[in-house]
Amino acid sequence: MAIRNIRVIGDEVLQKTCKEVKEMTPRTRQLIDDMFDTMYEANGVGLAASQVGILKRIVVIDTTGDDPYVLINPRILETSGEQSGQEGCLSVPGKTGVVLRPNYVKVRAYNEEMEPFELEGTELLARAICHEVEHLDGHLYVERVEGELMDVQDLEPEEE
Ligand code: NI
């Protein structure tokens, strides 16, 4: 288990365009394992390789804590509907803002065996897919926030 350093807003690596993955290598497998470890350790639901300083088109997502996906070279095929909701990013610590996203997303990507697959998601999964794929092109959600970026601590705690 290896936790990598998460780059934060202001680090120029977050604005770079990531490169397609051509083949799976032991080094890339290690990167993916480390990305999961890093995401879970930080209580995130998604992480893009650029957030740990590696410019490869790889994202990991797990919106439930028990439903992990690796998306290599992801390409969004279809979106529909919309949802407006709070979003955050491990690279923008302590902040949150309202972002409009599609409520349904279909994405095509490669798995760790470099086999193509399609994934459909709604609600939080759709949001996470859009958010993470944008990281690969050097974009952060803060560019899309409606209104002000807020401090997480200023939000009213939700009852569980
Ligand atoms: Ni993010």
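Listed values, structure above:
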| read-out | value |
| --- | --- |
| Checking Glu112 against (1) away from the ligand (no atom under 16 Å from the Cβ); (2) in a helix (DSSP H, G or I), the condition it does not meet | (2) |
| Condition check for Val45: more than 12 Å from the chain's Cα centre (by Cα), surrounded by 13 or more Cβ atoms within 10 Å (Cβ to Cβ) and of a type in the set (Val, Ile, Thr) | no |
| Criterion: touching a Ser or Thr at 6+ places or on another chain (Cβ under 9 Å) and not in a loop (DSSP other than H, G, I, E, B) - qualifying residue of Val59, Val99, Val8 | Val99 |
| Filter pass, Ala128 being away from the ligand (no atom under 16 Å from the Cβ) and crowded, with 20+ Cβ neighbours inside 10 Å | no |
| Count of segment 92-121 residues which are farther than 22 Å from Arg57 by Cβ and in contact with a Phe, Trp or Tyr (Cβ under 8 Å, 6 or more places away or on another chain) | 1 |
| Residue within segment 101-109 that is within 15 Å of the ligand (Cβ to nearest atom), surrounded by 20 or more Cβ atoms within 10 Å (Cβ to Cβ) and under 23 Å from Leu14 (Cα atoms) present | yes |
| Positions within segment 12-29 being in contact (Cβ under 8 Å) with a residue 24 or more places away in the chain and out of contact with any Asp or Glu (no Cβ under 6 Å at 6 or more places or on another chain), in sequence order | Val13, Leu14, Gln15, Lys16, Cys18, Lys19, Glu20, Val21, Glu23, Met24, Thr28, Arg29 |
| Residue satisfying all of: in segment 139-148; away from the ligand (no atom under 11 Å from the Cβ) and surrounded by fewer than 16 Cβ atoms within 10 Å (Cβ to Cβ); nearest to Gln83 (Cα to Cα) among these | Glu146 |
| Residue among Thr79, Thr38 that alone is over 16 Å from the mean Cα position of the chain (by Cα), crowded, with 16+ Cβ neighbours inside 10 Å and within 30 Å of Leu155 (Cβ to Cβ) | Thr79 |
| Residues that are in contact with a helix residue (DSSP H, G or I) (Cβ under 7 Å, 6 or more places away or on another chain), within 20 Å of Asp137 (Cα to Cα) and more than 16 Å from the ligand (Cβ to nearest atom), drawn from segment 1-55 | Val21, Leu31 |
| Cβ pairs under 6 Å, 6+ apart, first in segment 132-148 and touching a residue at least 40 places away in the same chain (Cβ under 8 Å), second part of a helix (DSSP H, G or I) | His135/Ser50; Gly138/Gln15; Tyr141/His131 |
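Just so you know, all these numbers are worked out from the coordinates, no wet-lab data involved. As the structure is a computational prediction, the values presented were derived from the model and not from experiment. Counting neighbours? That spans all protein chains shown, and the Cβs are built from the backbone with ideal geometry, glycine included.
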